[in-house]
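Structure first, then comments.
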Amino acid sequence: MRTAPEFVVVAAAAGLTLGLFPPASQAMLADLTPRTDRERAFGLLKVVDNAEFGSGFVAGGVLYGLAKTAVFVVDGATCGAVAEN
């Protein structure tokens, strides 16, 4: 990516697809939990979502402070691990 229009296209695509995961994960959670446990399960899902969102910024900042390349190496490793599943 070298131009602003290319960046806008990629950012728009990322923004449009980012919203696809939550409905799918919530539907799966509703399918896999008994009706009596759903309130607790959805509460835990929200807690985990918030914790991972906040801790990702901290972990990224620490990695960037230690070694600028480490951020990209760790990101690549996690993407590879997720792709294997």
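The values are calculated or read from the model by the stated rules, or taken from the named source; none is laboratory data. Owing to the predicted nature of the structure, the values given are computational and were not obtained by experimental measurement. Heads up, the Cβs are rebuilt from the backbone with ideal geometry, glycines too, and the neighbour counts pull from every protein chain shown. Quick note on the areas: whole protein, heavy atoms, side chains included, nothing else; ligands and nucleic acids left out. Shrake-Rupley method; radii C 1.70, N 1.55, O 1.52, S 1.80 Å.
Per DSSP H run of at least 4 residues, take -39500 (n - 2.57); add these up for the chain, divide by its residues and hand me the 222 nm value, nearest 500 deg cm²/dmol.
Taken over the chain, the calculation gives -29000 deg cm²/dmol.
Where the only charges are on Cβ atoms (+1 Lys, Arg; -1 Asp, Glu), what is the dipole of the chain about its Cα centre, to the nearest 20 debye?
About 140 debye.
Mark the label point 7 Å from the Cα of TYR64 along Cα→Cβ and return the residues of the range 1-43 whose backbone N is within less than 12 Å of it.
Under 12 Å, as judged by backbone N against the label point of TYR64, lies no residue of the range 1-43.
In a GNM of the chain with a 10 Å cut-off on Cα contacts, which of PHE72, PHE53, PHE42 has the highest mean-square fluctuation?
Highest fluctuation among the options: PHE72.
Could you work out how far helix 21-32 tilts from the main Cα principal axis of the chain, as a 0 to 90 degree angle to the nearest 10?
30 degrees
What do you get for Rg/Rh of the range 8-85 when both radii come from the Cα atoms and Rh is the Kirkwood radius?
We get a ratio of 1.06 for the range 8-85.
Under 5 Å between amide hydrogens, which residues at least 5 positions from THR33 or on another chain qualify, with H placed 1.01 Å from N in the peptide plane?
none
Considering only protein heavy atoms, what per residue accessible area in square angstrom results for the chain with a 1.4 angstrom probe?
Result: 84 Å² of accessible area for each residue.
Mind checking the dipole of the range 37-85: about its Cα centre, +1 per Lys or Arg Cβ, -1 per Asp or Glu Cβ, Debye to the nearest 20?
120 debye
Would you mind telling me the share, in percent, of accessible area of the chain contributed by carbon and sulfur at probe 1.4 angstrom?
That fraction is 69 percent.
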